[in-house]
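Below is one structure, written out as structure tokens; the observations come after it.
Bear in mind these aren't lab numbers, they're just calculated from the coordinates by the rules spelled out. Just so it is clear, the model here is predicted, and its values are computed rather than measured. Counting neighbours? That spans all protein chains shown, and the Cβs are built from the backbone with ideal geometry, glycine included.
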Amino acid sequence: MKTKVAVIGFGFMGMTHTANILKNSDLELVAIVNRDVANIERKLNAQSGNFAIEGIDPAKLAGVRKYSSLRECLSNEVLDAVHICVHTDLHYKMAREALEHGVHVLVEKPFTLDLEEGEELIELARAKNRVLMVAQVVRFMPVYRQLKAWVDDRTFGNLEFLSMTRFSGVPAWGQWQEKQTDFSSSGGALFDLLVHDIDFAQYMLGMPDTVKSTYWPGYLSPQDYVTASWHYDNQDVEVKVEGGNLFHASFPFQAGFMARFTEASVQFGTQQPDVIQVATHKELYTVPVGSANEGFYEQIACFYRSIAAGRNPVDCSPESALQTIELCYKHL
């Protein structure tokens, strides 16, 4: 029997989750929740966000029921899980409602801007014996997994320096224009964009002992550009994170990393998304990596493996995602 799933929110991320649910033969998408039900078909033909969405055949959604609210969906459907793909300020309310209904929850990043709300959701999931996972997709992207493997295996010796960057123009699709008038409700670039790199670095290296940062305001929050240095007392590694969305809307998205190991340096950027460059004192060569879009499928597969196992995912626990939010606040 297939696992019955609903997608909550049908903007860019909701469509991305939908495309990857449809690719998984063990899942059945039974419902989509979007406050503007009439525009779901129109959105299928829209292009937005930082990644190209794999085409969704509208015929595959013909039998999928559409609702304008989560409450209506939960009242009419027998669900195993929901994917919450709405703006940050609705994460807590919707995740709580779904968990109270006894449904497993995959919620988009950032988990929540309120640490106490995050703790409450973790406790509620535990009490209901439901899986709660935050979609920190960079953890599942092949290129970043390769970096972590090199760090863990010491392929090039010890990691000594890591720089991670992520930039985009101010988001202007969907409801993002509303967020410019509802200043700070999304958490801005720190919590909504650079959170990817902050999360991955702490997932790979642990929580730093000291964070020194500078941040500037933009269209969405007081921290729409951030540059920071992390120090670890017991590790001989320094970390730099930098990014923001204070640029004009048409500014091209770019993300990447540079890392110095004792025996080699590596570099990756979305301008050359299929390879990592590796440099020693004697040569420069490339290592092929898979598509970043594979991360979306892999994080969803991880979520459902965790449901089958009856426990939260070890490599992407809600406690770890809440630590990322705590670390974001250290940048302020």
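For Cα pairs less than 8 Å apart in space and 6+ apart in sequence, what is the mean separation divided by the residue count of the chain, i.e. the relative contact order in percent? Don't skip to the answer; put the middle values down first.
Numbers: 657 pairs, mean separation 60.4, N = 332.
Relative CO of the chain lands at 18 percent.
Could you tell me what percent of the DSSP beta bridges with both partners in the chain are antiparallel, to the nearest 5? Provide the component values of the computation, followed by the final result.
Values: 35 of 65 bridges.
About 55 percent, rounded to the nearest 5.
The chain: longest stretch without exposed trypsin sites (Lys or Arg not before Pro) (DSSP loop, at most 15 other Cβ within 10 Å), sites themselves excluded?
Values: sites that count: K2, R35, R154, K282, R311.
Of all site-free stretches, the longest is 155-281.
What list do you get for L61, L70 if you sort them by fewest beta carbons within 10 Å? Write out the running numbers ahead of the final one.
On the way: L61 17, L70 24.
By the 10 Å Cβ count, ascending, the order reads L61, L70.
Compute the length gained on full extension between E123 and E263: take 0.36 nm times their separation in residues and subtract their Cα-Cα distance, giving the result in nm to one decimal.
Values: separation 140, 0.36 × 140 = 50.40 nm, distance 4.44 nm.
Between E123 and E263, full extension yields an extra 46.0 nm.
Just to be sure I understand the model, the point goes 7 Å from the Cα along the line to the Cβ. What's the resulting F253 to D153 distance in nm?
Here the answer is 2.9 nm between the modelled labels.
With the calculation restricted to Cα positions, what are the radius of gyration and Dmax of the chain in angstrom?
Spelled out, the Cα radius of gyration and Dmax of the chain are 19.7, 65 Å.
How much length, in nm to one decimal, is gained on full extension between N39 and E319, taken as 0.36 nm per residue of separation minus their Cα-Cα distance? Mind dumping the intermediate values first?
Working: separation 280, 0.36 × 280 = 100.80 nm, distance 3.59 nm.
Residue separation times 0.36 nm, minus the Cα-Cα distance, leaves 97.2 nm.
Report relative contact order for the range 142-291 in percent, whole number only (criteria: Cα-Cα under 8 Å, sequence separation at least 6). If you can, show how the numbers build up before the last one.
On the way: 307 pairs, mean separation 44.9, N = 150.
So the answer I get is 30 percent.
Rounded to the nearest 10 degrees, what's the angle between the helix 115-128 long axis and the longest principal axis of the chain, both from Cα atoms, 0 to 90?
Once rounded, one gets 60 degrees.
What is the sum of charges around F183, taking Lys and Arg as +1, Asp and Glu as -1, for the other residues whose C-beta is under 13 Å from the C-beta of F183? Let's see the in-between values first.
Numbers: positive: K179; negative: D89, E178, D182, D224.
Neighbourhood net charge equals -3.
Could you tell me how many degrees, from 0 to 90 and to the nearest 10, lie between the Cα long axis of helix 294-309 and the main elongation axis, the longest principal axis, of the Cα atoms of the chain?
On a 0 to 90 degree scale, this one is about 60.
Need the C-alpha centroid separation for the range 243-314 versus the range 11-43, integer Å.
25
List V151, V137, V86 from most exposed to least, where exposure is judged by having the fewest other Cβ atoms within 10 Å.
V151, V86, V137
Please list, by residue number, everything in the range 1-25 whose backbone N is under 19 Å from a paramagnetic label point 7 Å out along Cα→Cβ of N76.
4-11
How far is it, in nm, from the label point at L332 to the one at S213 when both lie 7 Å from their Cα along the line to the Cβ?
Label at L332, label at S213, 0.9 nm between them.
If R0 is 25 Å, what FRET efficiency do you get for A59 and M1 from their C-beta distance, rounded to 0.05? Before the final figure, lay out each step's value.
Working: r = 23 Å, r/R0 = 0.93.
Once rounded, the FRET efficiency stands at 0.60.
Which of H104, H83, H231 moves the most in a Gaussian network model of the chain with Cα springs under 10 Å?
Sorting by GNM fluctuation, first place goes to H231.
Suppose a student asked you for the relative contact order of the range 106-208, using Cα pairs under 8 Å spaced at least 6 residues apart; what percent would you report? Could you put the intermediate results ahead of the total?
Numbers: 53 pairs, mean separation 32.0, N = 103.
Averaging sequence separation for qualifying contacts and normalising by length gives 31 percent for the range 106-208.
I'd like the orientation of helix 12-23 relative to the chain: the angle between its Cα long axis and the longest Cα principal axis, in ° from 0 to 90, rounded to 10.
Once rounded, one gets 80 degrees.
Set the Förster distance to 41 Å, then compute FRET efficiency between T280 and S184 from the Cβ-Cβ distance, nearest 0.05. Please report the intermediate quantities before stating the final value.
Details: r = 45 Å, r/R0 = 1.11.
The pair T280/S184 has a calculated efficiency of 0.35.
For the chain, what does the helix formula give at 222 nm: sum of -39500 (n - 2.57) over DSSP H segments with n ≥ 4, over the residue count, nearest 500 deg cm²/dmol? Before the final figure, lay out the partial values.
Working: 11 runs with 111 residues, N = 332.
About -10000 deg cm²/dmol.
Compute the FRET efficiency between N24 and Q272 as 1/(1 + (r/R0)^6), taking r as their Cβ-Cβ distance and R0 = 30 Å, and round to the nearest 0.05.
Details: r = 29 Å, r/R0 = 0.98.
It comes out at approximately 0.55.
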